[in-house]
1. Which one is modelled with the lowest pLDDT, of the residues in region 37-69 that are part of a loop (DSSP other than H, G, I, E, B) and of a type in the set (A, V, I, L, M, F, W, C)?
2. Does at least one position in region 31-40 carry a residue that is of a type in the set (A, V, I, L, M) and in contact (Cβ under 8 Å) with a residue 40 or more places away in the chain?
3. As an exercise: evaluate residue 36 against (1) among the polar types (S, T, N, Q); (2) closer than 30 Å to residue 124 by Cβ; (3) surrounded by 12 or more Cβ atoms within 10 Å (Cβ to Cβ) and give the number of the one condition it does not meet.
Amino acid sequence: MITAFQIKQIHTLKNILGLDDDLYRDMLASFDVCSSKSLTETEAKIFISILNDKVKVLKNTKLKKYDDFIGRSPIMATPLQLRKLEATWADICNSDDKKEQKESLRKYIKKQFRVDDIRFMTKNKASRVIAILEQIRIKKYLKAL
C-alpha cells in the first residue's frame, strides 16, 4: 500500500510540473488505477521516479537571461558575453542593489563606449569591454589585499 509520504511526493511533483488533471489521470491509468492512493508502494516508487525525471528535464530546459537573443545577427554580442558583462560589473560595482548595478553599467557603457545598452553591443566591443572590466576587477581585488 502507498505511503502518505509517497502521495505527498506525487502531488508535489505534479504541481511542480504543472500537470493538468487529465494528463495526470492518463499517467495513473498506465498503472491501471484512477487515483494515486490506489498505487502499490512499488508502483508509487516507479511513478515518482518518472515524475522526478520529468522535473529534471524541465529544470534543464529553463532559459537563462538573454537566451532569447540566440539566433540574432552573428556580429552581435552573444548571451554568454552579456551575462559575463553583467556578472563582472556586479563584482566591481559598489552597490548590491540590482537596479542600481544595471543603471550604473548602462551609464558606464554609454559614456565609455557610446552604446546605449549592452544588448546593442557587437561581439568585438563586448569582448573589449569584458577584458577592461576584468582588469578593473583584478585591480580592485589586489588593492583590497
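1. 63
2. Among the residues of region 31-40, not one is of a type in the set (A, V, I, L, M) and in contact (Cβ under 8 Å) with a residue 40 or more places away in the chain, which makes the answer no.
3. Exception for residue 36: condition (2).
The values are calculated or read from the model by the stated rules, or taken from the named source; none is laboratory data. The structure displayed is predicted, hence computed values, not measured ones. Here the Cβ is made from the backbone with ideal geometry for all residues, glycine too, and neighbour counts use every protein chain on show.
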